[in-house]
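Trainee: Would you mind keeping the following structure in view while I ask a few things?
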Amino acid sequence: MIMGEMNPCLTCGACCAYFRASFYWAEADDATPGGVPEHMTQKLNEFRRVMKGTNQVKPRCIALMGEIGQGVYCSIYEKRSTVCRDFEPSWEHGTHNENCDKARAAWGLPPIKPEEWNAPDTFPQAA
Ligand code: SF4
Ligand code: SF4
């Protein structure tokens, strides 16, 4: 989720404010140096932690910056957990992700179309 130029995630962020982001506890940086900042997590059970803000009725991850549907980024992008890394936006690699559609729909956003990943850069204009 949430990276590079022309990436529709940068104007979305819906999944970070829809699902509970839970992961194996030892992915946090008190067990794995460089891992998920522990202070941004809370215990879910003996084996798992969650990103703060995602285990509630109206989730919103504490690490999500910006306005959903406008402009967003993950403030711990390089340190995010595997559950976040493994969640692929629809059609990024040619595969539909219905959970991406579901999160977007909850925020009033249409599903991503495959062609959104293939939009060419604007050809530079001659001076
Ligand atoms: S850690 Fe980052 S990618 Fe994961 S839910 Fe939070 S904002 Fe989204
Ligand atoms: S819901 Fe889909 S498009 Fe939106 S940020 Fe998540 S993966 Fe990206």
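Trainee: Considering each of C61, C15 in turn, give the residue that is near ligand 1 (Cβ under 9 Å from one of its atoms), touching a residue at least 24 places away in the same chain (Cβ under 8 Å), under 12 Å from the mean Cα position of the chain (by Cα) and not in a loop (DSSP other than H, G, I, E, B). Step through it out loud before you land on a result.
Mentor: Values: C61 fails: not in a loop (DSSP other than H, G, I, E, B).
Residue meeting the stated conditions: C15.
Trainee: Can you tell me which residue in the range 44-58 is nearest to A105 (Cα to Cα), limited to those that are of a type outside the set (V, I, T) and within 10 Å of ligand 1 (Cβ to nearest atom)?
Mentor: Among them, the one singled out is G53.
Trainee: Of the numbered conditions (1) more than 17 Å from L109 (Cβ to Cβ); (2) over 14 Å from the mean Cα position of the chain (by Cα), W91 fails exactly one; give the number of that condition.
Mentor: W91 satisfies every listed condition except (1).
Trainee: Moving on to the next point. Could you tell me whether any residue of the range 20-28 is surrounded by fewer than 17 Cβ atoms within 10 Å (Cβ to Cβ) and closer than 23 Å to P110 by Cβ?
Mentor: Applying the first criterion (surrounded by fewer than 17 Cβ atoms within 10 Å (Cβ to Cβ)) to the range 20-28 yields 20, 24, 26.
Filter once more, keeping what is closer than 23 Å to P110 by Cβ: none.
Within the range 20-28, not a single residue is surrounded by fewer than 17 Cβ atoms within 10 Å (Cβ to Cβ) and closer than 23 Å to P110 by Cβ.
Trainee: Within the range 78-95, track down each residue that is closer than 9 Å to I112 by Cα and either away from ligand 1 (no atom under 12 Å from the Cβ) or β-branched (V, I, T) (or both).
Mentor: S90, W91
Trainee: Also: Within 9 Å of ligand 2 (Cβ to nearest atom), among the aromatic types (F, W, Y), closer than 10 Å to A14 by Cβ and at pLDDT 95 or above - does that describe any residue in the range 91-107?
Mentor: Scanning the range 91-107 turns up at least one residue that is within 9 Å of ligand 2 (Cβ to nearest atom), among the aromatic types (F, W, Y), closer than 10 Å to A14 by Cβ and at pLDDT 95 or above.
Trainee: Out of G34, G53, I need the residue that is surrounded by 19 or more Cβ atoms within 10 Å (Cβ to Cβ), more than 17 Å from L10 (Cβ to Cβ) and away from ligand 2 (no atom under 12 Å from the Cβ). Which one?
Mentor: G53
Trainee: If you don't mind, another one. Can you tell me which residue is nearest to ligand 2 (Cβ to nearest atom) among those in the range 68-77 that are touching a Gly at 6+ places or on another chain (Cβ under 8 Å) and outside any loop (DSSP other than H, G, I, E, B)?
Mentor: V72
Trainee: Here is a follow-up. Would the range 49-56 turn up any residue that is within 24 Å of W117 (Cα to Cα), at pLDDT 95 or above and of a type in the set (G, A, S)?
Mentor: Among the residues of the range 49-56, not one is within 24 Å of W117 (Cα to Cα), at pLDDT 95 or above and of a type in the set (G, A, S), which makes the answer no.
The values are calculated or read from the model by the stated rules, or taken from the named source; none is laboratory data. All of these numbers come straight from a predicted model, not from anything done at the bench. Note that we place each Cβ from the backbone using ideal geometry, even for glycine, and neighbour counts take in every protein chain shown.
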